[in-house]
1. What is the spin-label model distance, in nm, from Arg203 to Arg392 if the labels are put 7 Å beyond Cα along the C-beta direction?
2. Take Thr3 and Thr92, extend 7 Å from each Cα along the Cα→Cβ direction, and tell me the distance between the two endpoints in nm.
3. Quick check: residue separation of Arg192 and Thr315 times 0.36 nm, minus the Cα distance between them. What number comes out in nm?
4. Between Thr158 and Thr13, what FRET efficiency comes out of the Förster formula 1/(1 + (r/R0)^6) with R0 = 30 Å and r the beta carbon distance, rounded to 0.05?
5. I want the local charge near Ala200. Using Cβ-Cβ distances under 11 Å, sum +1 for each Lys or Arg and -1 for each Asp or Glu among the other residues.
6. Could you please rank His398, His308, His155, placing first whichever residue has the fewest other Cβ atoms within 10 Å of its Cβ?
7. If R₀ is 41 angstrom, what is the calculated FRET efficiency for the pair Glu334 and Glu210, using the beta carbon separation as r and rounding to 0.05?
8. Once you keep just the Cα pairs under 8 angstrom separated by 6 or more residues, what percentage relative contact order results for the stretch 98-223?
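Just so you know, all these numbers are worked out from the coordinates, no wet-lab data involved. Keep in mind it's a predicted model, so treat the numbers as computed, not measured. Ideal geometry is used to build each Cβ from the backbone, glycine not excepted, and the neighbour counts take in all protein chains shown.
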Amino acid sequence: MTTPLPQSRHLATAVPGPRSQELMARKSGAVASGVGTTMPVFAVRASGGIVEDVDGNRFIDLGSGIAVTTVGNSAPRVVEAVTAQAAAFTHTCFMVTPYEGYVDVAEALNRLTPGDHPKRTALFNSGAEAVENAVKIARSFTKRPAVVAFDHGYHGRTNLTMALTAKNMPYKQGFGPFAPEIYRAPLSYPFRDGGLDGPAAARRALDMIEKQIGASNLAALVIEPIQGEGGFVEPAPGFLPALASWCRDNGVVFVADEVQTGFARTGDLFACAHEGVVPDLIVTAKGIAGGLPLSAVTGRAEIMDAPHSGGLGGTYGGNPLACAAALAAIATIEEDGLVGRARDIERLMKARLSKLQSDDARLGDVRGRGAMIAVELVEPGTTAPDAGLARRVAAAAHQAGVIVLTCGTDGNVLRFLPPLTISDELLEDALDVLADAFAAA
């Protein structure tokens, strides 16, 4: 296991191989059945753009653990930083005896996130936990109860974030009742909006909010600048700026959920930057720490400081190992030019996928930014979702050695989230496999 992992796709066995089958049988007997898996293979190591399983199969990674290993799996700076921190101490709880790493990460996020206003940061463990704390902070600051989220949005699996999430299966079914005072507004969805531009789509959403909720009751508006689980939907230009402007005018906290879009993923350090949107609060996780569990809420000092002392925190929030990893991941993004690399990946992938689209009417829309690209699949000549095709293509890619994920409210979107350290050669090979999968389907 100390030898370098070859950066090439390789199938040593059928997928899944015998060792993975044994482990899957053990999983069935030991792990709760509600914890599903996309692929029936068990990883043993990963680096660059490759994940190797226990049977020696090497898969091209177009998932990055759902946008987590943005800087590459076991990135050298991250491994070195975590190893050194583990030798020093693994935990004290920042709320008991604080440590410098937490402060370092907070300072870095205050510097990197959009806007030059005074900021504060609080660290947590997961994206859902951070979203929930952003709502707590907004309610504490505004003294208002209501929160608006958007169609197709996904924000997590806790009770409050399930309420914010739009899709029922598999996230909400049978788990209610959910937190109250959560409302949903229509999103700008260019592929399905019949030509409605961004400002008009914003007016549609704001009219609903004003009539059904009332600005004076609204604490926060929570939105993903580009949706994740909802289908990698990028709102039309002007939609996000119009929402942010309305929030400023009405004393509503504008919360950008950049859990999936943050840290160079979209070809900007944060997706909000594409249209110059400066959120009041920004929520980050996933790519923040190179694979270790960490999340954050960063925002305007006066909003972040509204909760009373002791009102924010958690035993593991800002764990020292995760803080060390985050600082190393940020250094990797900045020093290795990964924002630019994400844009290179976008150009390569969109060129190939657009060519596929021109030859195959089932590819209804190719969209996304940076290394966050998607294809929405439809019945030819229509916009009717074809989830079955998405499942078949993904399954064929898996069998051929490529990790591909699906998403979308209707389950008809293929999404691609390669690590920014992946080579062009691996991307081209993966796209060849994808083209063969469409042909076979």
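1. 4.3 nm
2. Each label point is offset 7 Å from its Cα along the Cβ direction, giving 4.4 nm.
3. 39.9 nm
4. Working: r = 39 Å, r/R0 = 1.29.
The calculated FRET efficiency here is 0.20.
5. Result for the local shell: -1.
6. Values: His398 20, His308 8, His155 31.
Listing His398, His308, His155 from fewest to most nearby Cβ atoms yields His308, His398, His155.
7. On the way: r = 42 Å, r/R0 = 1.01.
Approximately 0.50, to the nearest 0.05.
8. On the way: 149 pairs, mean separation 32.9, N = 126.
Reported relative contact order: 26 percent.
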